[in-house]
Amino acid sequence: MPGWKFAAVALALLASSLAQERREFVEPHMGTLFRLVVYSQAPADSAARAAFDRIAELDRTFSDYNEASELSRLCRQPSGTPTPVSADLFAILQISQDLAAKTHGAFDVTLGPLTRLWRESRRARALPSADALASARRAAGFAHLHLDPSRQTATLLRPGMALDLGGIAKGYAADAALDLLTRLGFPAAMVSASGDLALGDPPPGKRGWSIELAPFGDATATRTTLVLADAAVSTSGDAEQFVEIGGVRFSHIVDPATGLGLTRPVAVTVVARRATVADSLATACSVLDPVAAQRLTDASPEPVRLIVHRRDPVALLTSP
């Protein structure tokens, strides 16, 4: 998820264990570049190929741009039709619905009609009409997505509904790729996808992976450095994806309350155990005000760190 610039993921490591070499692989998936970094004695080409194939499989499942994806096929089903879905799609929808309930819709994958409308508005640099906005809002709402765990089915209850997994899919894919690399014997690995990082065991001779976060909008601002292992980091904000319409700066992230892009200049980083959690929480916390975001992360069943950079006024909030 873009929004912050990871100025450095300090990987220029002369490992204390000289037998382990740093290997890097890059491929485009999900509209961004996925990067794999692996430390190992053995060649990692086949493992990297398997990891990229897994990411591509998830892209074919989750994409709302690809009309042939499983998600797109689900959205074309007549409303009220229970539809069997794959294990990956059911899992990500379950996680999404749980977070939607906890955030009272601040995170909501059923905003597809609104996110598609907002994409068109960003391209045209014009706000949508009131009628178009009202129509899209009627077709959204997480309460109208029903999941049946016993049958592994998903049902869209309203006509015109569409799902958008953009706030969670890259984190899920990063987790899946890192899990696969670990199973294949490469635990000292990192998977990055734009603003989402999944981190495995630390590089040889290091306490962890060094992640430097540069606050958006001010190249001279103090940077935040994190040293992490077996963790995930995700960022969300309007640093790179935004549009100005009528003198107002709008984010690419849709505010469920208005159906338009967020106008609050904020960038959020979430550190969690899994990238799926970090990615979705970063999206939710971008929508919520800082106090509500703090309550959300404090209530997480797993340790979560929240870092919020805000402009106008400039502020840095961290927890814990």
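Taking interchain pairs and intrachain pairs at least six residues apart, which have beta carbon atoms under 6 angstrom, with the first residue in the range 68-83 and without any contact (Cβ under 8 Å) to a residue 40 or more places away in the chain and the second among the hydrophobic types (A, V, I, L, M, F, W, C) and not in a loop (DSSP other than H, G, I, E, B)?
Qualifying pairs under 6 Å: Glu70/Leu89.
Taking the criterion of being more than 23 Å from Leu281 (Cβ to Cβ), of a type outside the set (Ser, Thr, Tyr), modelled with pLDDT of 95 or more and touching a Lys or Arg at 6+ places or on another chain (Cβ under 6 Å), would at least one residue in the range 124-135 satisfy it?
Taking every residue of the range 124-135 in turn, none turns out to be more than 23 Å from Leu281 (Cβ to Cβ), of a type outside the set (Ser, Thr, Tyr), modelled with pLDDT of 95 or more and touching a Lys or Arg at 6+ places or on another chain (Cβ under 6 Å).
State yes or no: is Phe25 in contact with a strand residue (DSSP E or B) (Cβ under 8 Å, 6 or more places away or on another chain) and within 21 Å of Arg183 (Cα to Cα)?
Values: in contact with a strand residue (DSSP E or B) (Cβ under 8 Å, 6 or more places away or on another chain): yes; within 21 Å of Arg183 (Cα to Cα): yes.
The answer is yes for Phe25.
If you go through the range 205-220 one residue at a time, how many are surrounded by fewer than 18 Cβ atoms within 10 Å (Cβ to Cβ) and at pLDDT 85 or above? Working first, answer last.
Step one: of the range 205-220, the residues surrounded by fewer than 18 Cβ atoms within 10 Å (Cβ to Cβ) are 205, 207-208, 212, 217-220.
Filter once more, keeping what is at pLDDT 85 or above: 205, 207-208, 212.
Going through the range 205-220 one residue at a time, the tally reaches 4.
Identify, please: which residue in the range 109-135 is under 21 Å from Glu67 (Cα atoms) and touching a strand residue (DSSP E or B) at 6+ places or on another chain (Cβ under 6 Å) and is, among those, surrounded by the most Cβ atoms within 10 Å (Cβ to Cβ)?
Restricting to residues being under 21 Å from Glu67 (Cα atoms) and touching a strand residue (DSSP E or B) at 6+ places or on another chain (Cβ under 6 Å), the top hit is Leu111.
Here are Phe107, Phe142: which of them is among the aromatic types (Phe, Trp, Tyr) and either under 26 Å from Ala177 (Cβ atoms) or out of contact with any helix residue (DSSP H, G or I) (no Cβ under 7 Å at 6 or more places or on another chain) (or both)? Explain how you work it out, then say what you get.
Values: Phe142 fails: either under 26 Å from Ala177 (Cβ atoms) or out of contact with any helix residue (DSSP H, G or I) (no Cβ under 7 Å at 6 or more places or on another chain) (or both).
Phe107 is the lone residue from the list that is among the aromatic types (Phe, Trp, Tyr) and either under 26 Å from Ala177 (Cβ atoms) or out of contact with any helix residue (DSSP H, G or I) (no Cβ under 7 Å at 6 or more places or on another chain) (or both).
Which residues, taken from the range 128-159, are assigned to a loop (DSSP other than H, G, I, E, B), in contact with a Phe, Trp or Tyr (Cβ under 8 Å, 6 or more places away or on another chain) and closer than 18 Å to Gln77 by Cβ?
Gln152
The values are calculated or read from the model by the stated rules, or taken from the named source; none is laboratory data. Remember, predicted model here, so these are calculated numbers, not experimental data. With ideal geometry, Cβ positions are generated from the backbone for all residues, glycine too; neighbour counts draw on all protein chains shown.
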